[in-house]
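Below you'll find the structure, written out as structure tokens, and then a few comments.
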Amino acid sequence: MSEKPKVVVTWDLDDVIVDGTASWLIDHYQRRFGFDVDPAKFYGTPIDWGVEGDDWGEINRRIAPIFEDRGHEVRDLPLSPGSIDVVRSLASYCEINFEQHIVTGRTEKIMASHTLWLVNEHFKDCFQDIHHTNMFKEDSRSKGEVCRRLCAIVHIDDHIDHCASVIDSGVPNAIVFDNLPWNQREQLPYGMVRCSDMTTAKEEIIRIAASIIKN
């Protein structure tokens with residue numbers, strides 16, 4: 001019996017597998033700093049977070065304590081509909097060996113235990129590894145860098161800039177997940193396709209994998 005061909009698929013976590021993380025953060029930010037962040041500008045500029053100038057360091061200094069103090073609440077956020085079935089079905093797919101990784105912007109020092117709990121609770125033996133890129137810290141690294149090193153064929157993310165980082169790093173495909181206020185574009189850049197839910201994301205992942213294996 002011949003060995004199944006292997007492909008690497010990387011998943012973002014928040015607002016892809018876990019639903020509502022951005023809304024949770026916006027809510028806590030408003031309570032702590034009295035500023036309402038427009039969800040459409042969640043990945044905007046410091047001004048969109050009530051900070052003058054281009055001081056991303058101040059944004060990071062504000063957001064980090066929220067995760068330090070309230071990060072355990074992320075465990076109670078719902079999973080995106082269909083995420084358990086899709087991730088598990090790819091892990092046991094009969095024709096292709098899907099090696100799945102989580103590539104998340106979460107800060108490892110603060111959130112690693114919560115991320116690991118989520119995987120062990122809902123996705124036991126489905127993910128090869130978890131990679132924290134520390135988005136809100138000075139020692140952050142790009143998702144493109146991580147996905148390239150993993151030799152991923154596709155990355156799934158809710159943030160178009162992260163998808164662009166992946167494509168620019170040489171990963172051939174990126175799936176922009178869902179129709180969210182912060183990821184609206186009239187036309188997606190080359191290499192990206194939008195999937196509005198987990199079922200269509202799974203279909204696209206399988207299509208990409210089959211195409212790459214065939215070629």
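Readers should treat all values here as calculations from the given coordinates under stated rules, not as data from a laboratory. All of these numbers come straight from a predicted model, not from anything done at the bench. Cβ: placed from backbone, ideal geometry, glycine included. Neighbour counts: every protein chain shown.
With Cα atoms as the point set, the stretch 16-154 shows a radius of gyration and Dmax of 16.5, 53 Å. Under the criterion of Cα pairs below 8 Å and six or more residues apart, the relative contact order for the chain equals 24 percent.
The distance from the alpha carbon centre of the stretch 1-58 to that of the stretch 65-109 is 14 Å, rounded to a whole number.
DSSP loop (so not H, G, I, E, B), at most 15 other Cβ within 10 Å: list which trypsin sites (Lys or Arg not before Pro) in the stretch 87-135 pass both filters. Before the final figure, lay out each step's value.
On the way: sites: Arg88, Arg106, Lys109, Lys124; in loops: Arg106, Lys124.
Loop-located and lightly packed - Lys124.
Taking 0.36 nm per residue of sequence separation and subtracting the Cα-Cα distance, how much length would be gained by fully extending the chain between Glu203 and Leu77, in nm to one decimal? List each step's numbers first, then the result.
On the way: separation 126, 0.36 × 126 = 45.36 nm, distance 2.54 nm.
Using 0.36 nm per residue and subtracting the Cα-Cα distance, I get 42.8 nm.
For the stretch 157-215, a/c is not less than 1.5, where a ≥ b ≥ c are the root eigenvalues of the C-alpha gyration tensor, and a/b does not top b/c. That puts it in the oblate class.
Compared with the direct C-alpha span, the chain from Asp55 to Gln128 gains 22.7 nm at full extension, assuming 0.36 nm per residue.
Model label sites at Ala64 and Ala210, defined 7 Å from Cα along the beta-carbon direction, differ in position by 4.7 nm.
Our summary gives the stretch 22-75 a relative contact order of 25 percent, counting only alpha carbon pairs under 8 angstrom and 6 or more residues apart. Can you tell me how the stretch 77-207 classifies by the Cα gyration tensor, rounded, prolate or oblate, using a/c under 1.5 as the rounded cut? It comes out rounded by the Cα gyration axes.
Taking the number of Cβ atoms within 10 Å of each Cβ as an exposure proxy, the fewest-first ranking of Met111, Met192 is Met192, Met111. Placing pseudo-labels 7 Å out from each Cα toward the beta carbon at Glu186 and Arg149 gives an inter-label distance of 3.9 nm. Per the Cα gyration tensor, the stretch 22-75 maps to an equivalent ellipsoid with semi-axes of 18, 12, 9 Å, ordered largest to smallest. Sorted fewest first by neighbouring Cβ atoms within 10 angstrom, Tyr190, Tyr29, Tyr43 come out as Tyr190, Tyr43, Tyr29.
May I ask for the net charge around Val166, where only other residues with Cβ less than 9 Å from the Cβ of Val166 are counted and Lys, Arg are +1 while Asp, Glu are -1? Walk me through the numbers before you get to the answer.
On the way: positive: Lys143, Arg148; negative: Asp157, Asp168.
Surrounding charge for Val166 is 0.
Of the GluC sites (Glu not before Pro) found in the stretch 1-61, those that fall in a DSSP loop while having at most 11 other beta-carbon atoms within 10 Å are Glu3, Glu52.
Placing unit charges on each Cβ (+1 for Lys and Arg, -1 for Asp and Glu) gives the stretch 22-75 a dipole about its Cα centre, and among Thr45, Asn60, Ala22 the Cα reaching farthest toward its positive end belongs to Ala22.
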